[in-house]
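Chemist: Got a structure here, written out as structure tokens. Questions coming.
Derivation of every value follows stated rules applied to the coordinates shown; laboratory data play no part. Treat the numbers as computed from the prediction; the structure is a model and nothing was measured. Cβ: placed from backbone, ideal geometry, glycine included. Neighbour counts: every protein chain shown.
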């Protein structure tokens, strides 16, 4: 199909919008592909809508091929259904809520676990009807506290969400794997540079397996941990390092701290309440110190011990504690729980539950707070001088640590945008919603579920982060808004006009979508707009039109070519892709 | 593509759901195409979703061909924008409202006039960028007081809405006509039996022209007025009859009523306060009586006079009065406004504005209430004995009346479901939103707008009303969920199984979507399910499989045919349609 640019709504901006921090946000605004209506709420303009539609179609094709079935579930979800799963309260202010004229409460769906579970419960009562995977593509709502980066973190966004129902965990594994492979196909076709990494189920999942699909980009808010040698990949919440052995890590070797003997000893540390202050005062390294941090787990204080050079991983901690909510305690709670001044908390003699990271237990001679203002204790032996309630992996890995799966690699950190997620839910929803079927043995059994999401509008922005620069975008061919951009330099020139018409017709009859810039504008304006639109194959009809010669620009590289030859090559390469 | 039925979520219901009054509601539920989540809120199941997708694609293709451009505007619309147009208050309880975490108010879009006007205002500043028509297909919200008939009147539904922007009224006429023709193409391709009728702009439009596209169906809540001879079509709100002349209509001839002379006379009419009671008591016809009805127009009482056999048309009345809201007054207001007992109101001596229908003014000798309990006045001459403030067409036409446009026809009433609407909005929104562009003369001018809607999910239900019966549906080919339904009578029979495989592959490689019923069920169950699914071409593989002979059932008609021949014919007829 041929579209003439003068008739399209494709308003470009010459100025860089001041509010747009992210490259994709700037480019999508400047290219006239989106417009903001309210904070985190955007209109998709014709060009943006075309890209989004291509992404939706890729997703649809790959999910259909994987045996998933498309449905559309309502945006309005009865609050009572959400109360059954417990999420109506748990979800917090991110859940948008609305009352109808009869004062009945509804949630505006951010996801559809409850609705789909109730649906399947109503219509599927035998193992013979399983497995099933349903998916939908539609508008979702999440009232983000800080919407930012344009389409990367919006409050109203386009999402694909899918749900699988299996007889048992083995069945779930099969459905999960099929979706995992479909995701790979989708992101590859879309031209995304991504990693599939192990992730933590967090609040949503309970059956263990979960992966995130991360678009690699500096603007990404997630840290992706990869190995310099092997295929290992995890998000920071999930990534584990190698557990340091008693003498494995150098820093933990028993040795005298600044001449202090290897036994407990009170040290006067006036005003030194932070790791850097202690290191400066005592001339020691952070890895010789144990940090004692007070958290509130569902409102109750607990102590968490990590090495001075480590950070607590709250996701791991939360799972170990088994709490819904884990957060760093305020000063009041800390002082009350440790009976000591802030900055001098320590594990010895504490009467609240103590969670110690494995690396702490590998230390042989450590400095801890003395639970007394201006005093620390040296020569402390974990496991001897104090006994934690629980020992585990409660810390973030650090860049450069040894890879947990291969012997040679070191961990490398990269920034990622989460564009997809696959979860093993298990029976998390089917139990509270009492959703069961008759299994092979004739007994009632709960559905074993998986859930799967792709942020479609976010994926569009992630592609721009990867394929954009400050001058414009070059869309991957499968998702480009048009196949060919035909720019006529001087529309008043009859030769140019006629050649452009011939070219457009030839491409269109080869089933390609052609955008023709036939505006009466200066060449500079046209080419700058073309850069912003990012259509990968650009044909420029200019001075050599009389000789049938045009300029073909791909990815910034130009060459002169006979017009018939260009049509032939472009048609061929598009046929191949199909 | 081939889909195997045993793997699909297509749950049929044998029982007729008690709550479903409308045929389409029953069939869509029984065929497993929709499921209710809440009152007026439905999930589209895989089969229903496929039909909906076909409808969406037809709409998209025809609107693209008409030069409209697809966008997606947000569901969440800032309340302030709606306040600018005045609709935030006017829309009433049908508008769903939601507050975000910062207590900012939003409307959940039932339509997008405000959003699109603001959008165009921001990006289009010259006549050179006009005309433009934007459309979108998406979920809309309207909190209906009485959701009913399944998808025919829902609270969350799928709609196509479009908006055109022109320089002037002539430009609007061109855009309107293009959309009108696109609508004709859409509804014809969808296989709908419809009429395009003149309609009243009602609250939404102010530029005069508006048409409704009515699917003809007995369940329809609208009355469509057509002519027995000519092409005339209007909805009841809009339809006008021929104005009766003083001696044109027979009933109005001057004559004595029951021996009462042709001059005003008090008649004792004890307990006769209704038209039938008066007719019974006095032996006269309804068309000899003037009904005096008291309405409140934006809270102020007015009197409306229509002939005893006529009904007030509130839409016409509202436009004549120029009020936002016109409703029949309660007993208290009526008694106070007429200083008389209920049922005995009359026009003589009234000191509130009187609106008289043209047919009343054509009466020469009428009976009216005497504004005194148990008394009427006979021999009243409109225009002599009382003088209305305004005379006009304030009534509904009646079936059998003379057609207003041709000399031969009589008006025929039919029931219709409104599936589409095209409006000339004019500057109704561009003025309050202060949305203007620089016109050819260099002056700022307001956009002249049109708006256009198709109820996509309602269209799906309307098609079922027209193509359904209590045993099932036969979908029009362009919208059928699959092209071919291949039913294997005995899946345990190897010959049948193998023939079915060959057939499915041959059809699929001709680019047709095939649903194969390979379930291990009794033939009766399979064929009843097939009736409910309504796939128009059904191929039944049974006993003659060994001879390569199958049964081809179209629209209830069966014939035996060699399988290769069936593939050939079906492929050919589908190619033709493309």
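Chemist: Mind checking Rg over Rh on the stretch A:367-508, alpha carbons, Kirkwood formula for Rh?
Modeler: My calculation puts Rg/Rh at 1.27.
Chemist: What is the angle, in °, between the Cα long axis of helix A:113-123 and the longest principal axis of the Cα atoms in chain A? Nearest 10 is fine, range 0 to 90.
Modeler: For helix A:113-123, the angle is close to 70 degrees.
Chemist: Please work out, to two decimal places, the log10 of the ratio I(q)/I(0) at q = 0.23 Å⁻¹ from a Debye calculation in which every Cα of the stretch A:416-465 carries one identical scatterer.
Modeler: Here log10 of I(q) over I(0) equals -0.81.
Chemist: On a 0 to 90 degree scale, rounded to 10, what angle separates helix A:523-533 from the longest Cα axis of chain A?
Modeler: The answer is roughly 50 degrees.
Chemist: Averaged across orientations, what area in nm² does the convex hull of the alpha carbons in the stretch B:480-577 project?
Modeler: Taking the Cα atoms of the stretch B:480-577, their convex hull projects to 5.6 nm² on average.
Chemist: Using a/c under 1.5 as the rounded threshold, could you call the stretch B:1-160 rounded, prolate or oblate? The axes a ≥ b ≥ c are square roots of the C-alpha gyration tensor eigenvalues, and prolate needs a/b larger than b/c, oblate otherwise.
Modeler: Oblate.
Chemist: Ok, one more. When only Cα pairs under 8 Å and 6 or more residues apart are kept, what is the percent relative contact order across chain B?
Modeler: 18 percent
Chemist: Each label point is 7 Å from the Cα along the Cα-to-Cβ direction; what then is the distance between the points at residue B:554 and residue B:90, in nm?
Modeler: 5.1 nm
Chemist: What does the highest-first list of B:556-569, A:448-461, B:52-65 look like by mean Cβ count within 10 Å? It would help to have the intermediate numbers written out before the result.
Modeler: Details: B:556-569: 14.3, A:448-461: 26.1, B:52-65: 19.1.
Ranking, from highest mean packing down: A:448-461, B:52-65, B:556-569.
Chemist: In the stretch A:285-324, how does Rg compare with the Kirkwood Rh, expressed as the Rg/Rh ratio over alpha carbon atoms?
Modeler: Numbers: Rg = 11.1 Å, Rh = 10.8 Å.
Expressed as Rg/Rh, it is 1.03.
Chemist: Based on the alpha carbons, how large is the Rg to Rh ratio for the stretch B:266-307 when Rh follows Kirkwood?
Modeler: 1.09
Chemist: I'd like the orientation of helix B:563-577 relative to chain B: the angle between its Cα long axis and the longest Cα principal axis, in ° from 0 to 90, rounded to 10.
Modeler: 40 degrees
Chemist: Can you give the FRET efficiency to the nearest 0.05 for residue B:145 and residue B:169, using r as the Cβ-Cβ distance and R₀ = 30 Å?
Modeler: With a Förster radius of 30 Å, E is 0.25.
Chemist: Based on alpha-carbon atoms only, what is the radius of gyration of the stretch B:343-430 relative to the globular estimate 2.2 N^0.38 Å?
Modeler: 1.56
Chemist: Let a ≥ b ≥ c be the square roots of the eigenvalues of the Cα gyration tensor of the stretch B:99-165; is it rounded (a/c under 1.5), or, if not, prolate (a/b larger than b/c) or oblate?
Modeler: Details: a/c = 3.90, a/b = 1.57, b/c = 2.49.
Since a/c reaches 1.5 but b/c is at least a/b, the shape of the stretch B:99-165 is classed as oblate.
Chemist: Roughly how many nanometres apart are two label points built 7 Å out from the Cα toward the Cβ at residue B:328 and residue A:193?
Modeler: My value for the distance between the label points is 7.2 nm.
Chemist: Relative to the other copies, what are the label-point distances for residue A:285, with labels 7 Å from Cα along the C-beta vector, expressed in nm at one decimal and sorted shortest first?
Modeler: For residue A:285, the inter-copy label distances come out at 11.2 nm.
Chemist: May I pose another question? What is the spin-label model distance, in nm, from residue A:502 to residue A:576 if the labels are put 7 Å beyond Cα along the C-beta direction?
Modeler: If labels sit at residue A:502 and residue A:576, their model points lie 2.6 nm apart.
Chemist: How are the alpha carbon pair distances in the stretch B:265-392 distributed across 5 Å bins from zero to the largest one, expressed in percent?
Modeler: Per 5 Å bin, starting at 0, the Cα pair percentages come out as 2, 12, 23, 25, 22, 12, 4, 1, 0.
Chemist: Based on the Cα atoms of the stretch A:384-454, what semi-axes does the equivalent ellipsoid have, where each is the square root of 5 times one gyration tensor eigenvalue, given in whole Å with the largest first?
Modeler: Values for the stretch A:384-454, descending: 38, 23, 13 Å.
Chemist: For a Förster distance of 41 Å, can you work out the FRET efficiency between the beta-carbons of residue A:564 and residue B:65, rounded to the nearest 0.05?
Modeler: Computed FRET efficiency for residue A:564 and residue B:65: 0.90.
Chemist: In Å and on Cα atoms, what radius of gyration and Dmax does the stretch A:75-186 show?
Modeler: When restricted to the Cα atoms of the stretch A:75-186, Rg and Dmax are 16.2, 46 Å.
Chemist: Follow-up question, since we're still on this one. When the convex hull of the Cα atoms of chain A is projected onto a plane and the area is averaged over all directions, what value comes out in nm²?
Modeler: Quarter of the Cα hull surface area: 33.2 nm².
Chemist: Take the Cα radius of gyration of the protein assembly as shown and divide it by 2.2 N^0.38 Å, with N its residue count; two decimals is plenty.
Modeler: Working it through for the protein assembly as shown, the quotient is 1.14.
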